[in-house]
Amino acid sequence: MTRWNSLGCLFMGCMILLTGCWDAKEVQSINFITGIGIDYVDNHYIAYAQLIDFSKIAKQDGPTSREESDIWIGRGEGTTLSMAINDLYKTSQQQTLWTHVKAIVLSQRTLDERLEDIFNTLLHSGQLRYTPWIYGTDQNIPDVLSPSVLLNQSAQTIELFEPMKLYKQHSAFEPIRLHQLLDGFREPASIILLPSITNKNQTWFNGDKMPPLIRMDGFYVLSKGKNQGKVEGKETDGTRFVNYDRVYQYPLYVYTNGGASPDLTLRLTNPKTTIKARKEGDGVTFDLFTSVKSAIVEDHGSTRSSHSMEKDAEKQIESEIRDTFEKTKSRKIDSYGLVEHLYRHDLALWRQVPKRANPIERFKLGKVEVHVKILNASTYKYSE
């Protein structure tokens, strides 16, 4: 019995040592950074860190109340990005972790000057993952990192952190993750469309208040680690057909009589464009062949056939593709990724393009053939 008692005591002693987590910490005892903002002003980096009060989220089963104290913004400054980040720790009060970062926002100044340096620093930290969504902005970064939300929902559900949910419903500007940007960042000819965000809200209001809400308003075109410029408004329309990975659905407003209101509204899905390049003189001509599926949302010319509607839509899309190309070309911006197309699909022709000047200056569009197929009109199908 003495032996069994000894074994029992030894077993119980081991169990006591195994129980409990000596270094465990509660969620509220750690600063979990959820968003990062980086600016560059007067030869100094400014690093912004967004903290969301998880303790309030955890204590409520339903929507959280949106108070100013729910989101905190930290600001650090230094001549290097590492110094700016370390400056944040001085008054952080407790341990700060970067493993939960869901969004990175870069100012236009950093896009113009400091991209290489920023990624070298961030990726050497060892804590930052490759999955955060990444954006550019010309707005004040603290304002972008501390937006309001609709209907008192959690700040974790805003478009900054979950852009794909809205993009699948309204494919205006395609969001990208950090690893997608890095895939082509150092490639000799890759074109990256980095979405731009703003907090300007002119749509939703609560009484007499129009709170700041996150929305995408365009994209920056990055090539060889540098920013070619920002494209916004109508200048972005053609890019959606040529250089997006996927468009889930987006409205096309067709104007046939020059009026202020569209005669036809289609819901476009999954456009596909094939590009063919050919040498012409001292430049390159590109022929584009686009196909897209659609459904009728509104039709104010009910006597027309589906074939007539398709032709009108094809003219509208062709016009948008040509218009976007000419406007961005005039600014030396390659939003269609035509240089990258040559590099990946016609290397011999790419090598003939002069590299001293911007190659797009010697590019032009040839044929632009668009084929629209109307599949249905919401509740019934067309038959010819």
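The values are calculated or read from the model by the stated rules, or taken from the named source; none is laboratory data. Model, not experiment: these values are computed from the prediction. With ideal geometry, Cβ positions are generated from the backbone for all residues, glycine too; neighbour counts draw on all protein chains shown.
Structure notes:
- Which numbered condition LYS315 misses (of (1) of a type outside the set (S, T, N, Q); (2) surrounded by fewer than 16 Cβ atoms within 10 Å (Cβ to Cβ); (3) within 30 Å of ALA189 (Cα to Cα)): (3)
- Count of the range 72-82 residues which are part of a helix (DSSP H, G or I) and touching a strand residue (DSSP E or B) at 6+ places or on another chain (Cβ under 7 Å): 1
- Residues located in the range 201-227, provided they are basic (Lys, Arg), in contact (Cβ under 8 Å) with a residue 40 or more places away in the chain and surrounded by 14 or more Cβ atoms within 10 Å (Cβ to Cβ): ARG215
- Scanning the range 67-80 for residues that are at pLDDT below 90 and under 25 Å from the mean Cα position of the chain (by Cα) returns ASP70, ILE71, TRP72.
- Restricting the range 256-267 to residues that are touching a residue at least 40 places away in the same chain (Cβ under 8 Å) and in a strand (DSSP E or B), the residue that is farthest from ARG304 (Cα to Cα): LEU266
- For the range 337-368, a residue qualifies if it is in a loop (DSSP other than H, G, I, E, B), out of contact with any strand residue (DSSP E or B) (no Cβ under 8 Å at 6 or more places or on another chain) and surrounded by 14 or more Cβ atoms within 10 Å (Cβ to Cβ), and exactly one does: ASN358.
- A search for C-beta distances below 7 Å between a residue of the range 228-247 that is on the phi > 0 side of the Ramachandran plot and any residue that is in a loop (DSSP other than H, G, I, E, B), counting only pairs 6+ apart in sequence or on different chains, returns GLY229/ARG331; GLY229/ILE333.
- Entry remark, the range 328-374: residues being modelled with pLDDT under 90 and among the small types (Gly, Ala, Ser) number 1 in total.
- Restricting THR99, THR110 to residues that are modelled with pLDDT of 85 or more, part of a helix (DSSP H, G or I) and β-branched (Val, Ile, Thr) narrows the list to THR110.
- Options SER146, SER82, SER107: the member that is closer than 17 Å to ILE176 by Cα and small (Gly, Ala, Ser): SER107
- Considering the range 281-311, and only residues there that are touching a residue at least 24 places away in the same chain (Cβ under 8 Å) and more than 17 Å from VAL372 (Cα to Cα), the residue that is surrounded by the fewest Cβ atoms within 10 Å (Cβ to Cβ) turns out to be ASP282.
- Meeting the requirement of 1 or more residues that are of a type in the set (Ser, Thr, Tyr), the helices (runs of 4 or more DSSP H) wholly within the range 155-255 are 163-169, 239-242.
- Filtering the range 114-141 to residues that are assigned to a helix (DSSP H, G or I) and surrounded by 17 or more Cβ atoms within 10 Å (Cβ to Cβ) leaves LEU115, ILE118, PHE119, THR121, LEU122, ILE141.
- Selection within the range 81-92 - without any contact (Cβ under 8 Å) to a residue 60 or more places away in the chain and over 26 Å from the mean Cα position of the chain (by Cα): MET83, ASN86, ASP87, LEU88, TYR89, LYS90, THR91
- Criterion applied to GLN153, GLN127, GLN202, GLN180 was being polar (S, T, N, Q) and at pLDDT 90 or above, and the one residue passing it is GLN180.
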